[in-house]
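Contents: one structure, followed by commentary.
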Amino acid sequence: DGAGALDAFAEGQRWLVTAGGTREPLDPVRFIGNRSSGRQGVEVALAAAARGAEVTLIAVNVDASVLAAVTPEIEVIGVSTTAELEETVATEAPSRDVVVMAAAVSDYRLAEVSNEKLRKENADGTLTLTLVETNDILAGLAANKQDGQIVVGFAAETPGDTTLTERAMAKRRRKGCDLLAANEVGWNTGFERSDNHLIVVDEHGVVADVAGSKRETAEVLVDAILAR
Ligand code: CTP
Ligand code: CA
């Protein structure tokens, strides 16, 4: 049967999947973060392992309740900041057949991290923080791709003037990755929920379009990666 034929399709492949969201510290007790739970990335790791791939999951501040779903054959490495994620990806990515960057990565970090807890000290009631851009890990991976390696990006987009497909195609081209999976997010959609609408684009257009649970969307994405 069709599903059975794909079951062991990733046998012998080594996959790296990142999941969750980075945190950039301000001081020892505070950070700038995002609402990514890591569920979608965890489901991608599970779906790839179910197809027979050897999978390492880089879990970026993923809650223990979400990590509880991870099966024992998946290696898990925990990190927190963008710099830690970048370093771990640099170590792990070169030996992988497929790298999926599902983690939500901060575009900025603090120019200076305070070693002491920041105090309220401005008379005018404001606080000014200086942020600097982080390195684009996905673009770096795509620019240094190993022979035959497949690099997959993610994009969470709020609705705008152009369609989700148009923005996904433009972002894939800008990042230089092989495939880009995009979903629409808003105050009440996409995050901290188990259902999702995902489109996957390559250089020619949409290769998959699926609405369903994060498990179903992950399976369709993994099949689109294997088809490539
Ligand atoms: N990403 C990354 N390193 C960064 C920022 C993002 O590797 N410093 C990766 C994410 O893991 C994701 C993809 O890039 O796979 C898309 O991120 P996104 O934030 O949508 O793209 P940006 O280029 O940061 O564009 P935007 O200005 O829309 O945030
Ligand atoms: Ca970004």
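Brief remarks follow.
- Cubic angstrom per residue, convex hull over Cα atoms of the chain: 142
- Qualifying GluC sites (Glu not before Pro) in the range 71-172, DSSP loop, other Cβ atoms within 10 Å at most 11: E73, E112, E116, E121
- Taking the chain as a Gaussian network of alpha-carbon nodes connected by springs under 10 Å, the highest mean-square fluctuation of the residues G160, G12, G186 belongs to G160.
- Carbon/sulfur fraction of accessible area - the chain, other protein chains in place, 1.4 Å, %: 48
- Using C-alpha pairs below 8 Å separated by at least 6 residues, the relative contact order for the chain is 20 percent.
- Sites matching trypsin sites (Lys or Arg not before Pro) across the range 88-172 that sit in DSSP coil, with at most 13 neighbouring C-beta atoms within 10 Å: K117, R119, K120
- Cα shape, the range 121-228, gyration tensor, a/c 1.5 rule: oblate
- Distance between the C-alpha centres of the range 113-134 and the range 84-107: 30 Å, rounded to the whole angstrom.
- Using R0 = 35 Å, the C-beta based FRET efficiency linking L127 and T165 works out to 0.30.
- Sorting V210, V113 by solvent-accessible area of protein heavy atoms yields V113, V210, largest first, with a 1.4 Å probe.
- Solvent-accessible surface of the range 143-186, averaged per residue with a 1.4 angstrom probe and all protein chains in place: 51 square angstrom.
- In straight-distance terms, cross-link reach from K214 covers every one of the lysines whose alpha-carbon lies under 26 Å from its own, apart from those fewer than eight places away in the same chain; here that gives K171, K175.
- Beta bridges by DSSP in the range 26-147, antiparallel share as percent, to the nearest 5: 45
- Between the Cα long axis of helix 39-50 and the first principal axis of the chain there is an angle of about 30°, rounded to the nearest 10.
- Intensity falloff of the range 54-114 expressed as log10 I(q)/I(0), Debye formula with alpha-carbon point scatterers, at q = 0.21, 0.25 Å⁻¹: -0.93, -1.20
- For the peptides 17-24, 58-65, the ranking by packing is 17-24, 58-65, with the highest mean count of neighbouring Cβ atoms within 10 Å listed first.
The values are calculated or read from the model by the stated rules, or taken from the named source; none is laboratory data. Note that this is a predicted model, so its numbers are computed, not measured. All Cβ positions, glycine included, derive from the backbone under ideal geometry; neighbour counts span all protein chains shown. Surface accessibility is based on the protein's heavy atoms, side chains included, excluding ligands, DNA and RNA. Shrake-Rupley method; radii C 1.70, N 1.55, O 1.52, S 1.80 Å.
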